[in-house]
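Just below is one structure, and these are the notes that go with it.
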Amino acid sequence: MYDVVVVGAGPAGGSAALFAAKSGKKTLVIENDKSVTKRAWMENHYGVAEISGPDLIETGKKQASKFGAEIVQATVTNVSKSETGLKVETDQGEYEASHVILATGFAVDLAEKIGLTTKAGTEPRVKTIIDVDANGKTNVDGIWAAGTVAGVSVHTIITAGDGAKVAVNVISEINGERYVDHDVLKA
């Protein structure tokens with residue numbers, strides 16, 4: 001059983017996976033390789049001169065993997081309650097998780113299928129989003145959402161930050177106390 005399953009490996013999902021794995025949580029990322037970020041070019045990331053979308057995604061996946069996140073390529077077809085938490089069904093098999101973070105970009109089909117409350121989006125070209133609270137929680141216990149699908153700006157640096165925020169909230173809930181991840185320079 002995974003502590004956290006992240007659906008999507010774009011900036012929001014990759015960032016959520018990085019934080020979850022680095023905190024020691026057993027983390028799985030399920031990606032379908034359809035991120036709109038694969039077509040992006042960015043020169044607006046603080047601390048990064050410029051980067052292509054494919055390079056950003058690959059770097060993020062490597063960072064999450066470095067801390068133990070497992071990454072599989074599959075399409076999630078359903079998420080449902082199980083005896084021990086949540087069952088995540090894909091076209092390649094099933095996984096059990098305590099928490100699921102949906103970071104599916106513009107795609108809300110899965111969210112609607114599994115009974116998550118959605119509402120109209122406010123960003124250009126984002127018709128529908130998942131209705132979440134300030135922490136990223138949806139109306140289904142254990143299912144969270146981050147990034148564009150959760151209503152934040154489509155800018156990759158903002159969706160990455162939202163993925164981190166939601167992961168910190170999930171980790172904090174698992175730990176029963178506020179989680180903080182601060183690295184310091186090594187002398």
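Residues of the range 24-71 that are among the hydroxyl-bearing types (Ser, Thr, Tyr) and over 16 Å from the mean Cα position of the chain (by Cα): Tyr46, Ser52. Checked across the range 58-70, the condition of being assigned to a strand (DSSP E or B), at pLDDT 95 or above and either in contact with a strand residue (DSSP E or B) (Cβ under 8 Å, 6 or more places away or on another chain) or β-branched (Val, Ile, Thr) (or both) holds for at least one residue. All conditions but one from (1) under 18 Å from Asp109 (Cβ atoms); (2) outside any strand (DSSP E or B); (3) not aromatic (Phe, Trp, Tyr) apply to Val5; the one that does not is (2). I'd like to know if the range 108-125 contains one or more residues that are modelled with pLDDT under 95, β-branched (Val, Ile, Thr) and over 14 Å from the mean Cα position of the chain (by Cα). Looking through the range 108-125, at least one residue is modelled with pLDDT under 95, β-branched (Val, Ile, Thr) and over 14 Å from the mean Cα position of the chain (by Cα).
One line per residue, one yes/no per condition, for (1) acidic (Asp, Glu); (2) surrounded by fewer than 21 Cβ atoms within 10 Å (Cβ to Cβ); (3) not in a strand (DSSP E or B):
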site	(1), (2), (3)
Leu28	no, no, no
Val48	no, yes, yes
Asp55	yes, yes, yes
Lys87	no, yes, no
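With a requirement of 2 or more residues that are crowded, with 17+ Cβ neighbours inside 10 Å, the strands (runs of 3 or more DSSP E) lying completely within the range 105-187 that satisfy it span 128-130, 143-145. Filtering the range 89-104 to residues that are surrounded by fewer than 16 Cβ atoms within 10 Å (Cβ to Cβ), touching a residue at least 12 places away in the same chain (Cβ under 8 Å) and in contact with a Lys or Arg (Cβ under 8 Å, 6 or more places away or on another chain) leaves only Glu96. Being surrounded by 23 or more Cβ atoms within 10 Å (Cβ to Cβ) and either in contact (Cβ under 8 Å) with a residue 12 or more places away in the chain or of a type in the set (A, V, I, L, M, F, W, C) (or both) is the requirement here; does Ala64 meet it? So Ala64 passes the test.
The values are calculated or read from the model by the stated rules, or taken from the named source; none is laboratory data. None of the values given here were measured: they were computed from a predicted structure. So basically every Cβ, Gly included, is an ideal-geometry build from the backbone, and we count neighbours across all protein chains shown.
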